[in-house]
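Read the structure below first, then the notes.
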Amino acid sequence: MTKLEKINAVREFHARLQAEKVQGSTGVMGKLCDFAVRDFVMAQGVRKADDVRCRRSGKTDWSIRIAGKLVKGETKTNQGEWKVPCARISADDIFPGMDYVVYTAEVDNITEENLPDMMFVFTREQFIKLLTVTGRKGLESSLRYNAKRGTVGIQAWSVYNKKTAKWVSARLNKYYDFLEENEIPTLRDWVEAVRG
């Protein structure tokens, strides 16, 4: 893919996302992050037109070689959803086969320029632990099952309390505490570390 072809493919992708946004889609930022993370992680960026789009559920979002070993990653944002085999959710249902999860709980201020500093890289095990410790009653209370779609999604990190007319962010505070306590790297720091 030439530089001009990539520019045109990215421009077309952004136009599709803008059209979805106008139609009221709530998944636009997740799709943008899916592409932008893949482009940032890959040593030479995306090199084919097929890479300038969001991956289908169940497909690997990105993969790279670290010290000769191929590792796979999933990109998720905020309340991202994924397919699960049944309503009973366990740790086994959280991105099986993935080595890493690139994630952010807040997407309101993300742009392609600041994305590497606002998204964080978890091992799959760290991500499961994050969901477990931030849920009021453990892992299952951090997730919600959508029977109609057969998907599970992450519960909202902040909720609006109508009685007090304020946002309650106790769970979001736990998220940031987890990042700090476990020294979870930003996407930029992680990529710099694995590339040496």
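The values are calculated or read from the model by the stated rules, or taken from the named source; none is laboratory data. What you are looking at is a predicted structure, and each value in this text was computed from that prediction instead of being measured. Please note: Cβ atoms are built from the backbone with ideal geometry, for glycine as well, and neighbour counts cover all protein chains shown.
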Selection over segment 154-164 where residues are more than 18 Å from K174 (Cα to Cα) and not β-branched (V, I, T) yields a count of 3
When (1) modelled with pLDDT of 90 or more; (2) at negative phi are applied to G68, the one that fails is (2)
Residues in segment 157-164: is at least one surrounded by fewer than 15 Cβ atoms within 10 Å (Cβ to Cβ) and of a type in the set (F, W, Y)? yes
In segment 91-104, which residues are surrounded by 12 or more Cβ atoms within 10 Å (Cβ to Cβ) and either of a type in the set (A, V, I, L, M) or more than 14 Å from the chain's Cα centre (by Cα) (or both)? A91, D93, I94, M98, V101, V102
Quick test of your reading of the structure: V159 fulfils all but one of (1) farther than 27 Å from A36 by Cβ; (2) modelled with pLDDT of 95 or more; (3) of a type in the set (V, I, T). Name the failing condition by number. (2)
Among the residues of segment 122-136, is there at least one that is touching a Lys or Arg at 6+ places or on another chain (Cβ under 8 Å), modelled with pLDDT of 95 or more and not aliphatic (A, V, I, L, M)? no
Hey, does segment 105-119 have a residue that's of a type in the set (A, V, I, L, M, F, W, C), more than 19 Å from T186 (Cβ to Cβ) and surrounded by 15 or more Cβ atoms within 10 Å (Cβ to Cβ)? no
I need the full set of residues from segment 140-196 which are on the phi > 0 side of the Ramachandran plot and either touching a helix residue (DSSP H, G or I) at 6+ places or on another chain (Cβ under 6 Å) or charged (D, E, K, R) (or both), in order please. E183
Sole miss for A147 among (1) over 18 Å from W190 (Cβ atoms); (2) under 12 Å from the mean Cα position of the chain (by Cα); (3) among the aliphatic types (A, V, I, L, M) is condition (2)
